[in-house]
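Colleague: Dropping a structure here in structure tokens format, bear with me for questions.
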């Protein structure tokens, strides 16, 4: 795999760099965007990416899979942008080892570099559990652009697909494969889809909509073994004994922070690389952000906190005093054209629920109030008022006097962004 290099400073790359960012995924790319805004950014910056292509928006891989978006709509900054910003870039040549004492690293191709400071933005890997048959041809995760191309190739041959995971990624993968012509089954270990974001009613509406489109959805379903012949996938056997034919098996059951490089370098790691509020790791002049980092025992998969980390770290690297802190997050999703919103405590205990359901129009709203204050919300279909509900939740606003009209949005004289 050839490296792609953007070299604004000459024909040969600097052998010593002020700042190296290991990883050109969404977190690393967001960091360089934030650094580019700073008036006093590091003297020299080098980004090293594992994948052979430039950065892209991983959130948009699902519509890319389904053919709803083109490649150039998913791509982020190209080589010209890096050159214009004076930032060097290596693609397709991942870092093989880092010596933090000597402040040196070596890439897979043997390229050696020195650095003053380094940021680990190595992201995460698709979780691939140790199931019998996991090594068979036709079994894969759903994490990268290469995965999309592999799934599209499989779908072009038709047949049966099984997607494990009823979260957002799994549902988007399943719907994309269905649109590409595969007979697709979703396996969800729990009793409802999107169990972290939706309550039972909203999850039921989502299931009805997706099954109506042609997806098969099995709840409380777990794989016992993956079956195959001559090294190729043929099907799966569930723990209840049911057998499903499968020409493609996609595992969308979460991710694992990619910390092998950091751990080998001697950084303190738990589930991920431990950082403080300035995104410093356990080693001087070494930082981490995104899905590979852990702050106050929290790890990350949503964009909003990672974007805040990138802003904080860019300012820290440019000499400012700034600190990251945890904040509540609202989840606004679009699952195959179906709008969903959730925030706060879903099925909150010691709270009073109020709800509105219109099955004929597939609209549902449910709020949980504690002492007149919104502590949780789920919206299905019409999500216009989600941001307003979230704002009231953050402000701990007493809305007890508006209880009768809350399900229909803010008071008429209120401006909603």
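The values are calculated or read from the model by the stated rules, or taken from the named source; none is laboratory data. As the structure is a prediction and not an experimental result, all values here were calculated from the model. A quick note on method: Cβ atoms are made from the backbone with ideal geometry, for glycine too, and the neighbour counts reach across all protein chains shown.
Colleague: Looking at (1) on the phi > 0 side of the Ramachandran plot; (2) not in a loop (DSSP other than H, G, I, E, B), which is the one condition that is false for residue 241?
Modeller: Going through (1) on the phi > 0 side of the Ramachandran plot; (2) not in a loop (DSSP other than H, G, I, E, B) one by one, residue 241 breaks only (2).
Colleague: Could you run through the stretch 281-294 and say how many residues are surrounded by fewer than 24 Cβ atoms within 10 Å (Cβ to Cβ) and under 20 Å from residue 43 (Cβ atoms)?
Modeller: Number of matching residues: 3.
Colleague: Take residue 348 and decide whether it is crowded, with 16+ Cβ neighbours inside 10 Å, within 23 Å of the chain's Cα centre (by Cα) and farther than 19 Å from residue 167 by Cβ.
Modeller: Numbers: crowded, with 16+ Cβ neighbours inside 10 Å: yes; within 23 Å of the chain's Cα centre (by Cα): no; farther than 19 Å from residue 167 by Cβ: yes.
No.
Colleague: Could you pull out the residue among 394, 369 that is within 27 Å of the chain's Cα centre (by Cα) and either outside the structural domain of residue 28 (by TED's automatic domain parsing) or closer than 30 Å to residue 290 by Cα (or both)?
Modeller: 394
Colleague: Now for a different question. Here is a list: 30, 5. Which entry is out of contact with any strand residue (DSSP E or B) (no Cβ under 9 Å at 6 or more places or on another chain), within 23 Å of residue 113 (Cβ to Cβ) and either modelled with pLDDT under 90 or crowded, with 20+ Cβ neighbours inside 10 Å (or both)?
Modeller: Numbers: 5 fails: out of contact with any strand residue (DSSP E or B) (no Cβ under 9 Å at 6 or more places or on another chain).
It is 30.
Colleague: Limited to the stretch 34-62, what total is found for residues that are surrounded by fewer than 18 Cβ atoms within 10 Å (Cβ to Cβ), free of Cβ contacts under 8 Å to residues at least 60 places away in the same chain and under 30 Å from residue 336 (Cα atoms)?
Modeller: So the answer is 3.
Colleague: Same structure again: What are the residues in the stretch 295-306 that are surrounded by fewer than 17 Cβ atoms within 10 Å (Cβ to Cβ) and either on the phi < 0 side of the Ramachandran plot or not assigned by TED's automatic domain parsing to the domain that holds residue 270 (or both), if any?
Modeller: Those that are surrounded by fewer than 17 Cβ atoms within 10 Å (Cβ to Cβ) and either on the phi < 0 side of the Ramachandran plot or not assigned by TED's automatic domain parsing to the domain that holds residue 270 (or both): 298, 301, 302, 303, 304.
Colleague: Let me ask something else about it. Go through the stretch 385-408 and give me each residue that's part of a loop (DSSP other than H, G, I, E, B) and closer than 19 Å to residue 201 by Cβ.
Modeller: Result: 385, single match.
Colleague: Also: Can you say whether residue 354 is assigned by TED's automatic domain parsing to the domain that holds residue 398 and at pLDDT 95 or above, as far as the supplied structure shows?
Modeller: Judged against the criteria, residue 354 is a match.
Colleague: Of all residues in the stretch 277-288, count the ones that are in contact with a strand residue (DSSP E or B) (Cβ under 7 Å, 6 or more places away or on another chain) and either closer than 14 Å to residue 22 by Cβ or outside any strand (DSSP E or B) (or both).
Modeller: Matching residues across the stretch 277-288 total 7.
Colleague: Continuing with the same structure: Pairs needed: first member in the stretch 212-230, without any contact (Cβ under 8 Å) to a residue 60 or more places away in the chain and at positive phi; second member anywhere, outside any strand (DSSP E or B) and surrounded by fewer than 16 Cβ atoms within 10 Å (Cβ to Cβ); C-beta distance under 6 Å; at least 6 residues apart or different chains.
Modeller: Close Cβ pairs satisfying both conditions: 220/191.
Colleague: Quick one: would you say residue 209 is outside the structural domain of residue 368 (by TED's automatic domain parsing) and surrounded by fewer than 16 Cβ atoms within 10 Å (Cβ to Cβ)?
Modeller: Taking the combined requirement at face value, the residue does not satisfy it.
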